[in-house]
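Visitor: Dropping a structure here in structure tokens format, bear with me for questions.
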Amino acid sequence: MIIIMLGAPGTGKGTVATILQDKLNIKQVSTGDIFRKEIKEQTELGKLADSYISKGQLVPDDVTVNIVKERLEQDDVKNGIILDGFPRTIVQAQELDKILEKENKKVDLVINLTTPDEEIIERIVNRRVCSNPECKTIYNTLLNPPKIEGICDKCGSKLITRDDDNEETVKRRLKNYFELTSPLIEYYEKQGNIYTALVSKTINKLGKDVAEEIIENIRRSMN
Ligand code: ADP
Ligand code: ZN
């Protein structure tokens, strides 16, 4: 099964993807995580990615598509993948369709998360992530705090704030989202495989609630 997580930064893509990975046993692959790992290891790719990410810009399509293409060739995603943060442009979506088509595969489900803009900024500046690369659990100091401040509930590692989670960069990322990524909603509506869910405190619904809803839908459709 090939699942895509779509939505502006801070809507809960990573949270939903992680829960789906654990419950459905499908590997989550986040292009943002791949870039952050490369940046940490100071590889050539990392340096290139950082020059865009630190400014809140998208990494160029050719670079990003190549990374995903290589990742899709690995054994652990042969039976399925949850792509978290890819595609983010129409070009990326078209390239992905071409790659999948060669293997007689297609995008099965697009999960589109929406959150009111004013909530997004609040969610992102209060976001904390587990520093353990094997864990990467996401918290929010207001909405979903860890049991012990600054410590991951799951693995006990330190929680950190991402470098790009500051208000200035977030505004740039939101602008990019509306200009470059949101046209993908229509792209996948035409393919007929999109599921849209509102994630918002105004309706008391967080990423984990949406994940449960989706798991139930998938299980029902399989029976
Ligand atoms: P968020 O969804 O909160 O913005 P991500 O971890 O998905 O966080 O991405 C972090 C940054 O990595 C993005 O702001 C962008 O610069 C870069 N990035 C991630 N995925 C892509 C992609 N598919 N295309 C281009 N750039 C990307
Ligand atoms: Zn952890």
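The values are calculated or read from the model by the stated rules, or taken from the named source; none is laboratory data. Small disclaimer: the values here were computed from a predicted structure and weren't measured. Note that we place each Cβ from the backbone using ideal geometry, even for glycine, and neighbour counts take in every protein chain shown. Heads up: the accessible areas ignore ligands, DNA and RNA and are worked out on the full protein's heavy atoms, side chains in. Shrake-Rupley method; radii C 1.70, N 1.55, O 1.52, S 1.80 Å.
Visitor: If you scan the range 15-39, which residues turn out to be within 16 Å of ligand 2 (Cβ to nearest atom) and open to solvent by 10 Å² or more (accessible area, probe 1.4 Å)?
Guide: Applying the first criterion (within 16 Å of ligand 2 (Cβ to nearest atom)) to the range 15-39 yields 15, 17-19, 21-22, 28, 30, 33, 36-37.
If the condition is that a residue be within 16 Å of ligand 2 (Cβ to nearest atom) and open to solvent by 10 Å² or more (accessible area, probe 1.4 Å), then T15, T18, I19, Q21, D22, Q28, S30, D33, R36, K37 are the ones that fit.
Visitor: Also, quick follow-up: I want to confirm something. Restricting to the range 149-160 and keeping residues that are touching a residue at least 24 places away in the same chain (Cβ under 8 Å) and surrounded by 16 or more Cβ atoms within 10 Å (Cβ to Cβ), which single residue is nearest to ligand 2 (Cβ to nearest atom)?
Guide: So in the range 149-160, the residues touching a residue at least 24 places away in the same chain (Cβ under 8 Å) come out as 154-155, 157-160.
If we keep only those that are surrounded by 16 or more Cβ atoms within 10 Å (Cβ to Cβ) too, we end up with 157, 159.
Details: S157: 5, L159: 8 Å.
The qualifying residue nearest to ligand 2 (Cβ to nearest atom) is S157.
Residue by residue, here is whether (1) hydroxyl-bearing (S, T, Y); (2) out of contact with any Gly (no Cβ under 6 Å at 6 or more places or on another chain); (3) modelled with pLDDT of 95 or more holds:
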{"residue": "L180", "(1), (2), (3)": "no, yes, yes"}
{"residue": "G192", "(1), (2), (3)": "no, yes, no"}
{"residue": "T196", "(1), (2), (3)": "yes, yes, yes"}
{"residue": "R219", "(1), (2), (3)": "no, yes, no"}
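So that you can scan it fast, the table gives a plain yes or no per residue for (1) at pLDDT 95 or above; (2) closer than 13 Å to F86 by Cβ; (3) more than 12 Å from ligand 1 (Cβ to nearest atom):
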{"site": "M5", "(1), (2), (3)": "yes, yes, no"}
{"site": "G14", "(1), (2), (3)": "no, yes, no"}
{"site": "D22", "(1), (2), (3)": "no, no, yes"}
{"site": "L48", "(1), (2), (3)": "yes, no, no"}
{"site": "G56", "(1), (2), (3)": "no, no, no"}
{"site": "D62", "(1), (2), (3)": "yes, no, no"}
{"site": "Q74", "(1), (2), (3)": "yes, no, yes"}
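Visitor: Take the residues in the range 118-140 that are open to solvent by 60 Å² or more (accessible area, probe 1.4 Å) and not in a helix (DSSP H, G or I), then tell me which one is nearest to ligand 1 (Cβ to nearest atom).
Guide: In this case the residue turns out to be K136.
Visitor: Among the numbered criteria (1) in a helix (DSSP H, G or I); (2) surrounded by fewer than 16 Cβ atoms within 10 Å (Cβ to Cβ), which one does Y187 miss?
Guide: With respect to (1) in a helix (DSSP H, G or I); (2) surrounded by fewer than 16 Cβ atoms within 10 Å (Cβ to Cβ), Y187 is out only on (2).
Visitor: Taking the range 101-134 as the search range and keeping residues that are acidic (D, E) and within 17 Å of the chain's Cα centre (by Cα), which one is farthest from N166 (Cα to Cα)?
Guide: So in the range 101-134, the residues acidic (D, E) come out as 101, 103, 108, 117-119, 122, 134.
From what's left, within 17 Å of the chain's Cα centre (by Cα): 108, 134.
On the way: D108: 34, E134: 24 Å.
Only one residue tops the list, namely D108.
Visitor: Any residue in the range 27-52 that is in contact (Cβ under 8 Å) with a residue 12 or more places away in the chain and closer than 27 Å to I3 by Cα sitting within a Cβ distance under 6 Å of a residue that is open to solvent by 50 Å² or more (accessible area, probe 1.4 Å) and of a type in the set (D, E)? List the pairs, counting only those 6 or more apart or interchain.
Guide: Sorted first by the residue in the range 27-52, then by its partner, the pairs are K27/D76; I39/D50.
Visitor: Another question, if that's okay. Answer yes or no as to whether P146 is under 20 Å from the mean Cα position of the chain (by Cα) and surrounded by 11 or more Cβ atoms within 10 Å (Cβ to Cβ). Talk me through it step by step, then tell me what you get.
Guide: Values: under 20 Å from the mean Cα position of the chain (by Cα): no; surrounded by 11 or more Cβ atoms within 10 Å (Cβ to Cβ): yes.
Against the criterion (under 20 Å from the mean Cα position of the chain (by Cα) and surrounded by 11 or more Cβ atoms within 10 Å (Cβ to Cβ)), P146 does not qualify.
Visitor: If I ask for residues that are without any contact (Cβ under 8 Å) to a residue 60 or more places away in the chain and open to solvent by 30 Å² or more (accessible area, probe 1.4 Å), which ones from the range 80-96 would you list?
Guide: Hits for the range 80-96 are V91, Q94, E95.
Visitor: Now, a different point. When residues of the range 97-114 are filtered for being more than 13 Å from I185 (Cα to Cα), away from ligand 1 (no atom under 16 Å from the Cβ) and open to solvent by less than 80 Å² (accessible area, probe 1.4 Å), how many remain?
Guide: Of the residues in that region, 2 qualify.
Visitor: Does any residue of the range 205-221 turn out to be in a loop (DSSP other than H, G, I, E, B) and either without any contact (Cβ under 8 Å) to a residue 60 or more places away in the chain or in contact with a helix residue (DSSP H, G or I) (Cβ under 6 Å, 6 or more places away or on another chain) (or both)?
Guide: no
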